[in-house]
């Protein structure tokens, strides 16, 4: 590889490295951690104990939690995700953000939402 191509490749990797680090930290690690913990019994107070595929066997054989799982899934798909997207679009508009700030003030909601709206309004 000629020196110019090597330098361009190195510079490209330097510019890509923040994205690669973010991708590894926020995508790959949670994916691998959830896979690891799915084969363990873990409750944050004690160390993880390996139980193999027992979690998966219980999930597919124990039908007592099925209605709860289905209702939680429908809640997330039909309410939580669309409302999250809609509120993000509303927050993108500064006027909507001011209206949201007024609602926060009137309803005494979380101050972090108000701070994020105010900071986007200033910018």
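Bear in mind these aren't lab numbers, they're just calculated from the coordinates by the rules spelled out. Being a predicted model, the structure only gives us computed values, none of them experimental. So basically every Cβ, Gly included, is an ideal-geometry build from the backbone, and we count neighbours across all protein chains shown.
Please check which bits of region 5-48 a label hung off residue 58 would reach, taking the label as a point 7 Å along Cα-to-C-beta and the cut-off as backbone N under 19 Å. Residues passing the 19 Å test: 34-48. Once the Cα-Cα distance is subtracted from the 0.36 nm per residue extended length, the residue 1 to residue 45 segment shows a gain of 10.5 nm. Remark: spin-label model distance residue 8-residue 37 equals 4.5 nm, labels positioned 7 Å along the Cα→Cβ axis.
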